[in-house]
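J.: Please find one structure pasted underneath; my questions will follow.
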Amino acid sequence: MMRRGLGKVSTISDNYLEQQKLLHQIPEYGTASRDHAPMVMQFGKDHGAKSISDYGAGKCVLKHELNRLGWSDFQYYPYDPVFPEYGEPQPADLVCCIDVLEHVEPEYLESVLEDLQRIIVGVGLFTIHTGPAIKYLPNGQNAHLIQKPAKWWVPKLRNYFMIFQEITDENGFVVVVDPLSKL
């Protein structure tokens, strides 16, 4: 999820961070990247990625699944404020943000997008779910704080990124992006 850095723009509130910590106690929460690992592997290999930044890494399932699929010759940089031991978000050839942006508090979305823009050295691969989550926060709120269609997301993303590819399905969409700051 999001960074709280000292002296930096915050990307998550203290209250929401506590809600996320409680939700992450559920073993299957924070594991959505498992289903996307084959796509990430193909994309990463096609683009010659030697490093992956997993923004909103949860339980680092993406790394484990990529390794299980036979891809391990990359540096892996997880980031998730629920797990401060991961450290701050790190720049990488491939920045993955898998089923994370819909969990961001709306008032922090711009800060998170700036954070993602800052760490993309090569290319970004984001998946965004557009409907309600199956899970609920301990306070009773749906875990997807932003439930908006792609037509709402795309203009917001275009403020920070050039979108090279957009694939839509019944649950949401995937975008391949390059930060505008690089262009």
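Read-outs: derived from the displayed coordinates by stated rules, not from any lab. Keep in mind that this is a model prediction, so the values were computed, not measured. Heads up, the Cβs are rebuilt from the backbone with ideal geometry, glycines too, and the neighbour counts pull from every protein chain shown.
J.: What residue among I134, I119, I98 has the largest mean-square fluctuation in a Gaussian network model of the chain, using Cα springs under 10 Å?
T.: Evaluated over the chain, the most mobile residue of the options is I134.
J.: Too long at a 26 Å Cα-Cα cut-off: which of K63/K135; K21/K148; K59/K135; K50/K151? Can you show the working numbers first?
T.: Numbers: K63/K135 23 Å; K21/K148 24 Å; K59/K135 17 Å; K50/K151 32 Å.
Checking Cα-Cα distances, K50/K151 exceed 26 Å.
J.: Once you charge only the Cβ atoms, +1 for Lys and Arg and -1 for Asp and Glu, what is the size of the charge dipole of the chain about its Cα centre, to the nearest 20 debye?
T.: Values: 17 positive and 23 negative charges, 31 e Å.
Rounded to the nearest 20 debye, it is 140 debye.
J.: Quick check: pseudo-label points 7 Å beyond the Cα along Cα→Cβ at Q75 and I163, how many nm apart are they?
T.: Those two pseudo-labels are separated by 3.1 nm.
J.: If you don't mind, there's one more thing I want to ask. Of the beta bridges DSSP finds with both residues in the chain, what % are antiparallel, to the nearest 5?
T.: On the way: 14 of 28 bridges.
In the chain, DSSP labels about 50 percent of beta bridges as antiparallel.
J.: Could you list T31, T127 so that the one with the fewest beta carbons within 10 Å of its beta carbon is first and the one with the most is last? Mind showing how you got there, number by number?
T.: On the way: T31 17, T127 24.
Going from sparsest to densest Cβ surroundings: T31, T127.
J.: May I ask you to sort C97, C60 by Cβ crowding, counting other Cβ atoms within 10 Å and putting the fewest first? Before the final figure, lay out each step's value.
T.: Numbers: C97 28, C60 17.
Lowest to highest Cβ neighbour count: C60, C97.
J.: Along the Cα→Cβ direction, 7 angstrom out, place labels at K45 and V154. What is the inter-label distance in nm?
T.: Taking the two extended label points, one gets 3.1 nm.
J.: Here's something else I'd like to know. Rounded to the nearest 500 deg cm²/dmol, what is the calculated helix-only ellipticity per residue at 222 nm for the chain, with -39500 (n - 2.57) per DSSP H run of length n ≥ 4? Please list the in-between numbers first.
T.: Details: 5 runs with 52 residues, N = 183.
Result for the chain, helices only: -8500 deg cm²/dmol.
J.: Sticking with this one: Can you give the Rg and Dmax of the range 14-182 based on its C-alpha atoms, in angstrom?
T.: 14.9, 43
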